[in-house]
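Asker: Handing you a structure now.
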Amino acid sequence: MINQERLLERFLKYVQIDSPTLSERDFAEVLMAELKDLGIDVEMDDAGEKTGSNSGNVIARVKGTTGAEPILFSCHMDTVSPGIGIKPQIKDGVIYSDGTTILGGDDKAGIAAIMEALTVMKEQSIEHGDLEIVFSIYEEGGLKGSQNLDYSKIKSKYAFVFDSGGDPGQIITQGPAQVKINATFVGKPAHAGVAPEEGVSAISIAAEAISNMKLLRIDEETTANIGSINGGGPTNIVTDKVTIAAEARSLDNDKLKAQSDHMVQCIKDAQAKYGDFEAEIEVVHAYSAFKVEEDSDIVNKAKQACINAGLEPFTAKSGGGSDTNNLNGNGVMAVNFGIGEKKPHTLEEHLHIKDLNATGVLVLELIKLFA
């Protein structure tokens, strides 16, 4: 069984190793050393060179003791800000940060659970098929690590990602596609006090475009948001340039296209209303939606592993992207498990120790089930 005390110590150690997005190297080297100590083959790919990170994805392979088909476990190494100098605290069976940073359970809880399960598997000589492990970089803010993974090196047909804030037992079978929309509105500068009528305010153009957009919750499958607005300067100058960064997500690809097209049209219409300038618009497809059928073999096996781990399995949809999207998009059928991350990406992030333990047990039960 899982060594609960060691698992907790492992998690506390991991969250105190700084690994913000693009600076995952220190954490990656710790994980690679630990994997090598377990006698596991491990390498780092070149995804860092493609994304600007100081680390690549960590890829490990465990030769099976049976002839079973390989399966893949995956989590991401990077954390959001503020995530430097995390100081974990434990109170009444719950792990918190000290309130000045995130905790980093997203996604170091998943990594700790996988590493502990691998350790127990080796210690107790548990039968297992071939295993592949991917600890990715740059998941936060774009899934860039898994996007740049060399999938020709992956042999597994099924993958299990441990990166959802739901309770252990949750199985995410559907996740949204996302597009990012970056736009620059162009106005005309003028002295705001002497001759404002000679100017065209890019701020006014941007305001009109945004006010005409359908945003936030569009329907049960679709969301949209303006993340940032930048531009302007002294109050005595009519602003001639403003940029916005926006996104849209949907579980339905057609709905996503309709929402994206709507937002782009609002930008174009507002810009055209104020003169002959054209707004600069960039639409980037970040990742595709995925849907794994409820009656599929991977979902049935995921449910059985949850039951074997003493958990009540249930399937759910997610409004957020994860490496699960890119795995499915590259021919590896994947589901994402809830691991109990509460209020991730906030200073109130916390994790119940019992959920950390349950996740470790679940990883071990998956290994046994697929042996």
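Asker: Can you check what the net charge comes to around ASP355, using other residues whose Cβ is under 9 Å from the Cβ of ASP355 (Lys, Arg +1; Asp, Glu -1)?
Answerer: Numbers: positive: LYS342, LYS354; negative: ASP167, GLU341.
Neighbour charge sum, excluding ASP355 itself: 0.
Asker: So, in nm, how far is label GLU69 from label VAL283 when the simple model puts each one 7 Å beyond its Cα toward the Cβ?
Answerer: In this crude spin-label approximation the distance works out to 3.7 nm.
Asker: Taking every alpha carbon pair in the chain, what does the distance histogram look like in 10 angstrom bins from 0, in percent?
Answerer: Spelled out bin by bin, the chain gives 5, 22, 29, 21, 12, 7, 3, 1, 0 percent.
Asker: Karplus couplings for segment 136-150 from phi (6.51 cos²θ - 1.76 cosθ + 1.60, θ = phi - 60°), rounded to Hz, Gly and Pro as x?
Answerer: 8, 9, 6, 6, 5, x, x, 6, 6, x, 5, 5, 9, 6, 7
Asker: Per residue of segment 115-125, what does 6.51 cos²θ - 1.76 cosθ + 1.60 with θ = phi - 60° give for ³J(HN,Hα)? Whole Hz please, x for Gly and Pro, Karplus curve as stated.
Answerer: Here the 3J(HN,Hα) series is 4, 5, 4, 5, 5, 5, 4, 5, 4, 9, 6 Hz.
Asker: What is the packing order of peptides 351-359, 2-10, taking the mean over residues of other C-beta atoms within 10 Å and listing the highest first?
Answerer: 351-359, 2-10
Asker: I would also like to ask the following. Pairs on different chains or at least eight residues apart, Cα atoms closer than 20 Å: how many lysine pairs in segment 57-148 fit?
Answerer: Lysine pairs, 8 or more places apart or on different chains, close enough: 4.
Asker: Amide H neighbours of PHE162 under 5 Å, at least 5 residues apart or on other chains, H built in the peptide plane: list them.
Answerer: Here SER74, PHE337 satisfy the definition.
Asker: For the pair HIS345 and ASN236, what calculated FRET efficiency results from E = 1/(1 + (r/R0)^6), where r is the Cβ-Cβ distance and R0 = 45 Å, to the nearest 0.05?
Answerer: Plugging the Cβ-Cβ distance into 1/(1 + (r/R0)^6) gives 0.70.
Asker: Using a cut-off of 25 Å between alpha-carbon atoms, which lysines can reach LYS268, once sequence neighbours fewer than 8 places away in the same chain are excluded?
Answerer: Here the lysines satisfying the reach criterion relative to LYS268 are LYS180, LYS188, LYS214, LYS241, LYS255, LYS257.
Asker: Would you mind computing, in nm to one decimal, how far apart the modelled labels at ASP254 and ASP98 are, each placed 7 Å from Cα along Cα→Cβ?
Answerer: It is 5.4 nm.
Asker: Now a separate question. Under the rule of at least 5 residues apart or a separate chain, name every residue whose amide H is placed under 5 Å from the amide H of ALA334.
Answerer: Excluding prolines and chain starts, which carry no amide H, the hits are ALA159, ASN328.
Coordinate-derived values only; no laboratory data. Model, not experiment: these values are computed from the prediction. Neighbour counts run over all protein chains shown; Cβ positions are idealised from the backbone, glycine included.
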